[in-house]
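What follows is a single structure, written as structure tokens, with notes after it.
The numbers here are math on the coordinates, done by the rules we state, and not lab data. A quick note: this is a predicted structure, and the numbers were derived from the prediction, not measured. So basically every Cβ, Gly included, is an ideal-geometry build from the backbone, and we count neighbours across all protein chains shown.
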Amino acid sequence: MNTAGKALLAAGVATAVAVVRRRRRTPQDQSADRWLAVTVYRSPEEVQSSLPDDLARWRDQVELRIQPATGDKGTELRVKPTGEVPAHELRLALRRAKAVLEAGEVVRADTAPTHPGPMGKVLQLVTNRAGGGGRL
Amino acid sequence: MKALCWEGINDVRVQDVPDPQLLNDQDMILKVRLSTVCGSDLHLLTGHIPFMQAGDVIGHEFMGEVVEVGAGVTRHRPGDRVVVCSFIVCGRCWYCRNELYSLCDNTNTNPAITQHLWGADPGGIFGYSHAMGGFRGSHAEYVRVPFADHTAIPIPEAVDDMSALFASDSVPTGWMGADLGGVKQGDVVAVWGCGAVGQMAARAAQLLGAERVLVIDRFDYRLRQAESAFGVETINYAETSVGEALLEATGGRGPDVCIEAVGCEAHSTGPQYVYDQVKSKLKLEMDRPIAVREAIYNCRKGGSVFVLGVFTGLVDKFPLGALMNKGLTVRGAQQHGQRYIPMLLDRIASGELVTSHLATHVMPLSEGARGYELFKKKEDDCVRSVFRL
Ligand SMILES: NC(=O)c1ccc[n+]([C@@H]2O[C@H](COP(=O)([O-])OP(=O)(O)OC[C@H]3O[C@@H](n4cnc5c(N)ncnc54)[C@H](O)[C@@H]3O)[C@@H](O)[C@H]2O)c1
Ligand SMILES: [Zn+2]
Ligand SMILES: [Zn+2]
């Protein structure tokens with residue numbers, strides 16, 4: 001690999017590491033006082049009556065709000081932890097619930113390569129947590 | 001099975017990888033027949049999109065035959081011949097329902113990466129890095145197609161395999177540039193880049209009513225191909241001043257619609273090329289927006305610029321002043337393939353949209369590395385290398 005190539009890869013990994021670090025540095029209680037939300041392209045009634053297990057199982061540990069989204073965009077589904085629920089788990093639960101309600105299932109990732117290389121291993125650290133990370 | 005894998009920067013190799021399995025009810029397994037390289041892959045090869053792992057199967061523009069379907073697949077049966085859009089789509093989120101398919105909410109399995117990078121995550125793509133879902137690509141004997149009912153489209157009898165292949169990615173991409181760029185009857189349209197995407201954008205502009213279409217590149221063999229396939233006018237930017245040629249062609253106004261089909265590794269004959277290359281090597285700039293700058297500068301007042309070329313991050317010297325003061329509309333998108341593919345297949349069947357000339361180099365997958373080398377270096381008059389499985 002040439003030098004420019006290495007620099008580019010290193011930059012990618014730096015972004016990747018930043019994603020991981022940001023996740024680790026976020027204390028659970030920081031997210032605890034804000035609502036996490038997704039908009040589901042289904043009616044509030046449908047969301048209410050068929051809340052997927054991924055989210056329903058946290059029912060006792062979160063405050064949950066279901067309200068119509070503006071402009072016919074469906075339903076806003078919001079949760080705020082009342083107990084010790086990692087924000088990572090809640091993001092994952094919200095995304096999975098949305099996918100099940102809209103598309104019937106959560107698409108599974110393809111199996112990872114067997115020899116990702118050192119940079120690829122760092123990236124795998126990120127992707128292993130990416131389902132519960134992000135700006136949600 | 002055999003598959004062409006990314007093994008590092010500028011290093012692709014055929015490897016043995018496990019056969020794909022049905023992982024979801026709505027999955028199907030496709031036996032790939034044809035799979036082509038795309039300009040977007042070059043951004044992976046050079047490391048512009050640094051979210052790759054060694055051993056990742058690449059390739060996202062393909063067609064083939066259905067061999068196995070999950071319990072939730074209703075529109076396809078084993079034996080069906082289908083073209084698969086490069087974007088994996090659920091078909092039922094708000095974005096899919098509004099035909100903004102590449103923005104699908106439910107198909108990127110690693111949303112955190114692009115949410116941090118861009119503020120929100122687009123949909124998943126085959127073989128296009130872990131930032132876009134980490135799905136295995138199509139340069140392989142078999143590929144798993146998630147949400148198969150929505151991601152894959154049946155090919156009409158009258159369309160042969162090679163013509164259908166490009167309906168996966170380059171044809172809908174080009175069409176989208178002309179359509180969402182707002183091409184109208186009587187327009188003058190300029191297209192930067194004379195690869196498959198630029199050529200398809202030029203043809204789409206003609207079919208949408210443009211009166212004159214000018215395509216810009218430095219490779220004469222590509223410009224000649226576009227001239228003879230579609231009767232477009234051409235500008236070789238290595239020999240002619242693009243700005244002057246466009247003013248001359250438009251009576252001093254500038255093109256009504258400018259379509260950029262070059263991307264983040266644009267080339268230039270001017271000093272700005274060296275500037276951009278140095279800056280991107282030093283990581284002070286991620287992408288080289290040379291053609292975008294030129295499109296914005298040369299577009300007529302109140303005109304529209306559509307960015308089809310792939311960019312990944314931040315650019316330098318973006319002509320915001322020209323955009324603002326000339327009242328331009330600038331738009332870009334990854335392709336919303338499912339919105340156009342059925343219509344495009346019909347146009348291919350009717351003969352008004354020719355695509356198969358793009359396949360200048362057809363070869364077995366075992367020659368994958370050579371195929372990429374030819375395509376990357378634009379050697380031997382290569383427009384697209386196509387792998388026959
Ligand atoms: N938006 C989408 O969904 C989508 C889909 C497919 C491809 N793409 C992108 O479209 C772009 C083109 O893809 P392709 O397969 O046609 O690639 P390609 O490499 O075959 O073609 C690119 C062409 O641009 C020319 N070029 C370079 N610098 C130029 C400049 N300054 N002015 C004019 N022409 C210049 C090159 O000589 C080349 O012929 C790539 O960036 C690719 O990533 C986008
Ligand atoms: Zn492509
Ligand atoms: Zn969708």
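Computed values, structure above
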quantity: Shielding by other protein chains, A:117-128, mean Cβ within 10 Å; calculated: 5
quantity: Sparsely packed GluC sites (Glu not before Pro) within segment B:358-389, loop by DSSP, other Cβ within 10 Å at most 15; calculated: B:379
quantity: Kyte-Doolittle at least -0.5, axis length at least 18 Å by Cα - qualifying DSSP helices, chain B; calculated: B:337-350
quantity: Per-residue HN-Hα couplings for segment B:36-42 [Karplus 6.51, -1.76, 1.60; θ = phi - 60°; Hz; x = Gly/Pro]; calculated: 10, 5, 9, x, 4, 5, 4
quantity: Amide proton proximity set for residue B:299, modelled H, under 5 Å, gap of 5+; calculated: none
quantity: Range of Cα positions in chain B per principal axis (Å), largest first; calculated: 59, 48, 43
quantity: Under 5 Å, built H, 5+ apart or other chain: amide partners of residue B:89; calculated: B:151
quantity: Where GluC sites (Glu not before Pro) fall in DSSP loop in segment B:57-111, at most 16 other Cβ within 10 Å; calculated: B:99
quantity: Charged-residue dipole, Cβ positions (Lys, Arg, Asp, Glu), the protein assembly as shown about Cα centre, Debye nearest 20; calculated: 1500 debye
quantity: Point-to-point label distance, residue B:331-residue A:84, nm (Cα→Cβ direction, 7 Å offset); calculated: 5.2 nm
quantity: Most fluctuating residue given options B:356, B:241, B:129, as computed from a GNM of chain B linking Cα atoms under 10 Å; calculated: B:241
quantity: Segment B:171-332: relative contact order as a whole-number percent, Cα under 8 Å and 6+ apart; calculated: 22 percent
quantity: Over segment B:19-159, relative contact order from alpha-carbon pairs under 8 Å, at least 6 apart, %; calculated: 31 percent
quantity: Tensor-based shape of segment B:1-157 (alpha-carbon gyration tensor, a/c under 1.5 rounded, otherwise prolate or oblate); calculated: oblate
quantity: Furthest towards positive pole of dipole, B:332, B:197, B:258, structure part segment B:171-332, Cβ charges; calculated: B:332
quantity: Nonlocal amide H pairs with residue B:333, under 5 Å, H built at 1.01 Å; calculated: B:307
quantity: Computed [θ] at 222 nm, helices only, for chain B once each DSSP H run of length n ≥ 4 contributes -39500 (n - 2.57); calculated: -8500 deg cm²/dmol
quantity: Cα lying deepest toward the dipole's positive end in segment B:171-332, options B:306, B:322, B:207, charges on Cβ; calculated: B:322
quantity: Unit charges on C-beta of K, R, D, E only; dipole of segment B:255-326, Debye; calculated: 200 debye
quantity: Difference of contour (0.36 nm per residue) and Cα-Cα distance, residue B:248 to residue B:184; calculated: 21.0 nm
quantity: In order through segment A:53-68: 3J(HN,Hα) via Karplus (6.51 cos²θ - 1.76 cosθ + 1.60), integer Hz, x for Gly, Pro; calculated: 3, 3, 9, 4, 5, 9, 2, 7, 10, 9, 8, 10, 10, 10, 9, x
quantity: Zone residues, segment B:357-389, relative to residue B:141, backbone N less than 20 Å from point 7 Å out along Cα-to-Cβ; calculated: B:363-369, B:387-389
quantity: The protein assembly as shown - Debye-derived log10 I(q)/I(0), Cα point model, q = 0.11 Å⁻¹; calculated: -0.97
quantity: FRET efficiency, 1/(1 + (r/R0)^6) with R0 25 Å, evaluated for residue B:157 and residue B:354 via beta carbons; calculated: 0.90
quantity: Cleavage-rule hits (GluC sites (Glu not before Pro)) in segment A:70-136: DSSP loop, at most 10 neighbouring Cβ within 10 angstrom; calculated: A:84
quantity: Calculated FRET value between residue B:19 and residue B:77, using beta carbons and R₀ = 25 Å, to 0.05; calculated: 0.80
quantity: Relative contact order of segment A:61-110, pairs being alpha-carbon contacts under 8 Å that are 6 or more residues apart, as %; calculated: 27 percent
quantity: Only Lys, Arg (+1) and Asp, Glu (-1) charged, at Cβ; segment B:171-332 dipole about Cα centre in debye; calculated: 340 debye
quantity: Extension gain (nm, one decimal) between residue B:377 and residue B:343, 0.36 nm per residue minus Cα-Cα; calculated: 8.9 nm
quantity: Inter-chain shielding of B:94-107 (mean C-beta neighbours from other protein chains, 10 Å cut-off); calculated: 3
quantity: Shape of segment B:171-332, Cα gyration tensor, a/c cut at 1.5; calculated: prolate
quantity: Averaged over B:128-134, number of beta-carbon atoms from partner chains that fall within 10 Å; calculated: 5
